[in-house]
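Chemist: Could you have a look at this structure, given as structure tokens, before my questions?
The values are calculated or read from the model by the stated rules, or taken from the named source; none is laboratory data. The structure displayed is predicted, hence computed values, not measured ones. Here the Cβ is made from the backbone with ideal geometry for all residues, glycine too, and neighbour counts use every protein chain on show.
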């Protein structure tokens, strides 16, 4: 079945460091891919998305490119800030079967950015 | 401003009590969901709905039940709370089948059963 695997955390970085959070997926067909962010005490928010191969999603300095050949959707940011401290979830949208449109989430990666 | 509202934010309740977690959205979304989030942050889909009078069980078996009498409202009920139900519960909504519609989440209800 469809699945998402993302790197385990926690990840601790200094302010202005480069961030990569790896995400790979297994899917039938051509899923849409997402990154969500959850700040402390809040629900998840959509950070960015990509709906087809080679699409690049970007928002708030974060980027991720839909790589079909490597089945990956790695999240990157060139210079993290303390305010980026949160839990990040990679997800894919299941377009097939009885649960069309349901998201399959990775287990989340907690990021802590130190000043 | 949140478009999807969950109440209460925090609830501490004794074993055996009946509870209802409320979720409402103002976006006119057909699809709604309930997720249980464990302390390790992992999300588990426990219920979802395609629209009025539709309810489906998710990937994680749950003793809770849901109803969908109005498009905007998707309450979750536990008939008899137990300590194993202690968790964070997140409600979400989305448009129906738009090439991977993003989910909009509420801020969650943190439930503690003593």
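Chemist: Return the residue satisfying two criteria in turn: it lies in the stretch A:6-18 and is more than 10 Å from chain B (Cβ to nearest Cβ) and crowded, with 16+ Cβ neighbours inside 10 Å, and of such residues it is nearest to the chain's Cα centre (by Cα).
Modeler: A:6
Chemist: Determine whether residue B:29 is more than 23 Å from residue A:88 (Cα to Cα), within 13 Å of chain A (Cβ to nearest Cβ) and surrounded by 14 or more Cβ atoms within 10 Å (Cβ to Cβ).
Modeler: The answer is yes for residue B:29.
Chemist: Within the stretch B:78-96, is there a residue that is more than 12 Å from every other protein chain (Cβ to nearest Cβ), buried (at least 21 other Cβ atoms within 10 Å of the Cβ) and either in contact with a strand residue (DSSP E or B) (Cβ under 8 Å, 6 or more places away or on another chain) or free of Cβ contacts under 8 Å to residues at least 40 places away in the same chain (or both)? Spell out the reasoning first.
Modeler: Going residue by residue through the stretch B:78-96, those that are more than 12 Å from every other protein chain (Cβ to nearest Cβ) are B:78-87.
Narrowing further to those that are buried (at least 21 other Cβ atoms within 10 Å of the Cβ): B:81.
Now narrow it down to the ones that are either in contact with a strand residue (DSSP E or B) (Cβ under 8 Å, 6 or more places away or on another chain) or free of Cβ contacts under 8 Å to residues at least 40 places away in the same chain (or both): B:81.
Yes, the stretch B:78-96 contains at least one residue that is more than 12 Å from every other protein chain (Cβ to nearest Cβ), buried (at least 21 other Cβ atoms within 10 Å of the Cβ) and either in contact with a strand residue (DSSP E or B) (Cβ under 8 Å, 6 or more places away or on another chain) or free of Cβ contacts under 8 Å to residues at least 40 places away in the same chain (or both).
Chemist: I've got another one for you. Can residue A:113 be described as closer than 23 Å to residue B:107 by Cα, touching a helix residue (DSSP H, G or I) at 6+ places or on another chain (Cβ under 7 Å) and surrounded by 13 or more Cβ atoms within 10 Å (Cβ to Cβ)? If you could, list the steps in order and put the result at the bottom.
Modeler: On the way: closer than 23 Å to residue B:107 by Cα: yes; touching a helix residue (DSSP H, G or I) at 6+ places or on another chain (Cβ under 7 Å): yes; surrounded by 13 or more Cβ atoms within 10 Å (Cβ to Cβ): yes.
Yes, satisfied.
Chemist: With respect to the numbered conditions (1) at pLDDT 95 or above; (2) more than 15 Å from residue B:104 (Cα to Cα); (3) outside any loop (DSSP other than H, G, I, E, B), which one is the sole condition not fulfilled by residue B:24?
Modeler: Against the list (1) at pLDDT 95 or above; (2) more than 15 Å from residue B:104 (Cα to Cα); (3) outside any loop (DSSP other than H, G, I, E, B), residue B:24 comes up short only on (2).
Chemist: Pick from the stretch A:71-105 the residues that are at pLDDT below 95 and assigned to a loop (DSSP other than H, G, I, E, B): which of them is farthest from the other protein chains (Cβ to nearest Cβ)?
Modeler: A:96
Chemist: Assess whether residue B:55 counts as being more than 19 Å from residue A:43 (Cβ to Cβ), modelled with pLDDT of 95 or more and within 14 Å of another protein chain (Cβ to nearest Cβ).
Modeler: Taking the combined requirement at face value, the residue satisfies it.
Chemist: Suppose the filter is surrounded by 14 or more Cβ atoms within 10 Å (Cβ to Cβ) and modelled with pLDDT under 95; does residue B:39 pass it? So that I can check it myself, show each step before the final result.
Modeler: Numbers: surrounded by 14 or more Cβ atoms within 10 Å (Cβ to Cβ): no; modelled with pLDDT under 95: yes.
When the stated conditions are applied, residue B:39 does not pass them.
Chemist: Of all residues in the stretch A:19-56 being assigned to a strand (DSSP E or B) and more than 11 Å from chain B (Cβ to nearest Cβ), which is surrounded by the fewest Cβ atoms within 10 Å (Cβ to Cβ)?
Modeler: The qualifying residue surrounded by the fewest Cβ atoms within 10 Å (Cβ to Cβ) is A:56.
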